[in-house]
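Down below is the structure, laid out as structure tokens.
Just so you know, all these numbers are worked out from the coordinates, no wet-lab data involved. These numbers come from a predicted model, not from an experiment. Here the Cβ positions follow ideal geometry from the backbone for every residue, glycine too, while neighbour counts run over all protein chains shown.
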Amino acid sequence: MASPKTNRTGKRRARRGRSKTAKRPMWKVLAAVTAITVIVAGAVLLMRAWAPPDRRPATAERQKSPAGESAPSARARGPEKQSAPRPAPARPPERPAAAERPAQAPLYEVFPMRPPAPPENGALHAAIPPAPPELPALKKRPRVAIIIDDIGHDRAAAEKLIALDAPLTLALLPHSPHLHAIAESARRKGLELMLHLPMEPVGYPEVDPGPGTLLARMAPDELLQVLERNLDAVPHIRGVNNHMGSKLTAQAEQMYQIFTVLKRRGLYFIDSRTTEESVCKPSARLFQLPFAQRDVFLDHHPEPAFIRQQLRELIRIAQRRGEAVGIAHPYPATYQVLKEELRSLREKVELVPASQLTRAASS
């Protein structure tokens with residue numbers, strides 16, 4: 001039987017053996033970790049030493065790069081571990097709409113560069129593209145007014161002219177039998193009406209203008225009374241032109257009296273120019289009365305060939321001056337020529353009512 005002392009000695013030796021065996025692996029682990037650390041550190045140093053100088057951009061350059069511009073969005077998502085730079089940069093994500101982007105302070109403030117000095121020797125003007133050439137103004141067509149005199153006795157002829165659907169101006173004789181019916185029909189079609197005012201001609205009384213004629217021998221009161229009755233006889237009138245009147249239109253005193261009434265009523269006057277001695281234009285200028293005068297008689301020879309020739313003359317005058325006034329009569333030949341030539345006439349000139357060619361005379 002072993003003694004207690006022997007047992008204790010055996011236990012001590014067993015413990016020493018176990019402690020030596022446990023210490024040996026710890027030294028091996030420490031040695032291995034130290035060796036790995038040295039190897040990794042050496043590898044990192046070698047990689048940094050061998051890396052090309054432009055592999056890692058400077059800090060300021062990285063801030064100006066597209067990756068730097070996307071820094072706010074990256075920071076908003078929280079810190080993430082940045083991966084190593086790739087050979088080809090990834091496509092930047094699409095920017096959200098302005099309403100969806102949160103307002104963030106800029107990472108840095110960009111100061112503009114000094115603008116370059118302007119080039120010399122006109123190089124600036126050479127660099128600017130030339131302005132497109134200005135388009136020429138549209139040329140207005142000449143305007144023509146055609147007045148049909150002596151309306152009121154032949155209703156059928158007047159209705160045919162009204163049915164042409166052209167802006168003719170009808171001059172109605174006062175006290176004629178059909179003037180009211182014709183005036184209403186013309187007004188419904190939108191045609192302009194005038195008073196065709198009878199005035200004394202040089203050949204009076206052999207040449208008689210008809211009822212309501214203004215005579216040179218009339219006293220002022222009588223002349224004005226006859227004039228007022230004539231004006232009231234024709235409804236819807238815008239102006240007046242003379243029927244005959246080669247004698248009266250040469251009398252300044254009587255024309256002053258007539259124009260006083262027309263001015264008060266707001267009417268215009270168109271001189272039919274039955275005489276070269278007419279004083280209508282200077283009288284109208286004195287009263288600042290809207291005025292125009294006849295350029296062409298279309299049908300004083302009521303033959304189709306002659307009327308066509310006069311129409312061409314009217315167009316020629318309008319193209320030269322910009323406007324012209326023609327006077328015609330309700331003859332069958334006149335109606336027929338107007339009906340045939342109306343389309344061609346409208347292609348060359350603008351047909352207008354007589355009032356559009358009147359103005360206060362200046363010379």
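Remarks
- Close amide H pairs (under 5 Å, H built 1.01 Å from N) link Leu289 with Ala361, residues at least 5 positions away or on another chain.
- Counting charges near Leu298 (Lys, Arg +1; Asp, Glu -1) among other residues having Cβ under 15 Å from its Cβ returns a value of -2.
- Summing Lys and Arg as +1 and Asp and Glu as -1 over all other residues whose Cβ lies under 15 Å from the Cβ of Glu184 gives a net charge of +2.
- Proxy reagent accessibility, fewest Cβ within 10 Å first, across Phe291, Phe306: Phe306, Phe291
- Close Lys pairs in the stretch 147-360 (alpha-carbon distance under 26 Å; sequence gap of 8 or more, or different chains): 9.
- The stretch 139-175: trypsin sites (Lys or Arg not before Pro) in DSSP loop, at most 13 other beta carbons within 10 Å: Lys139, Lys140
- When peptides 252-258, 39-45, 231-237 are ranked by their average number of other Cβ atoms within 10 Å per residue, the highest-first order is 252-258, 231-237, 39-45.
- For Glu350, the residues whose amide H sits under 5 Å from its own are Arg143, Val144, ignoring neighbours fewer than 5 places away on the same chain, with H placed 1.01 Å from N.
- Whole-Å distance, taken between Cα centres, linking the stretch 248-306 and the stretch 139-192: 19 Å
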